[in-house]
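One structure is given below, encoded as structure tokens.
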Amino acid sequence: SYAIITSSAPRSSLAQSVAYLQSTTIAATAVGPLIGGLVADRVGGRPGFFVASALCLAGLMLIAFAFHNPVHSKASQAPDPADGGMMQAARVLLPVVILLFLVQLIDRTFQPLIPAFVEELGGAVEGIGFWSGLTFSLAGAATALSANVAARLSRRYPPLRILTVCLCGGALLSAPIS
């Protein structure tokens, strides 16, 4: 999805286009745990997998019948690997890839701990799925909002400054949790 957006969106609106895609992805991630928590509390975990399977099938049908590849101009084609363009791009992107890996690792590390922490706070098993899902959903909504704010800020400030401020803020907000 990101490759399609970056190769087909106009340069002037690229940051906002990526932010919209990220917001949509995060919004689905935010709503999913809430619905999954409700399903787990009401009917158990196994039916949730059938719902997920049906949603995957719906996504497949949507892609198969509604998606059309964007038309590319010659100027937007990928660089020729013989020019060293791919290697140069890989060297430039490597720090970003490592950073994204670390940020996702941090995010995914907290997810298995949330239900245990909710159980510890509440003391009862009833409703853990809902409260855990709500916690994930609120975090996802905050992430979607911050993606759009960062995209708007990127029009005025360099991405490195925005990323530095976000990572420092994340460190400051995560420290009290530990």
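Out of region 154-166, which residues are free of Cβ contacts under 8 Å to residues at least 24 places away in the same chain and either in a loop (DSSP other than H, G, I, E, B) or surrounded by 13 or more Cβ atoms within 10 Å (Cβ to Cβ) (or both)? Steps first, please.
Applying the first criterion (free of Cβ contacts under 8 Å to residues at least 24 places away in the same chain) to region 154-166 yields 156-162, 164-166.
Passing the criteria: Arg156, Tyr157, Pro158, Ile162, Val165, Cys166.
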What's the total number of residues in region 29-56 that are closer than 30 Å to Pro158 by Cβ and of a type in the set (A, V, I, L, M, F, W, C)? 1
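Could you look through region 106-118, keep only residues that are without any contact (Cβ under 8 Å) to a residue 12 or more places away in the chain and open to solvent by 90 Å² or more (accessible area, probe 1.4 Å), and pick out the one that is farthest from Thr135 (Cα to Cα)? I'd like the intermediate steps shown before the answer.
Kept after step one, since they are without any contact (Cβ under 8 Å) to a residue 12 or more places away in the chain, are these residues of region 106-118: 107-110, 112-113, 116-117.
Checking the rest, the ones that are also open to solvent by 90 Å² or more (accessible area, probe 1.4 Å) come to 108, 112-113, 117.
Details: Arg108: 14, Pro112: 12, Leu113: 11, Phe117: 11 Å.
Going through the qualifying residues, I end up with Arg108.
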Tell me, yes or no, whether region 64-86 has at least one residue that is modelled with pLDDT of 70 or more, open to solvent by 100 Å² or more (accessible area, probe 1.4 Å) and closer than 30 Å to Pro115 by Cα. no
Please pick out the residue among Ala139, Ala144, Ala124 that is outside any helix (DSSP H, G or I) and modelled with pLDDT under 80. Ala124
Single residue of region 13-63 satisfying the filter (closer than 20 Å to Ala151 by Cα, in contact with a Gly (Cβ under 6 Å, 6 or more places away or on another chain) and of a type outside the set (S, T, N, Q)) that is least open to solvent (accessible area, probe 1.4 Å): Ala30
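The values are calculated or read from the model by the stated rules, or taken from the named source; none is laboratory data. Bear in mind that the values here come from a model prediction, so they are computed numbers and not experimental data. Virtual Cβ from ideal backbone geometry, glycine too; neighbours counted across all protein chains shown. Calculation scope for accessible area: heavy atoms of the full protein, side chains included, ligands and nucleic acids excluded. Shrake-Rupley method; radii C 1.70, N 1.55, O 1.52, S 1.80 Å.
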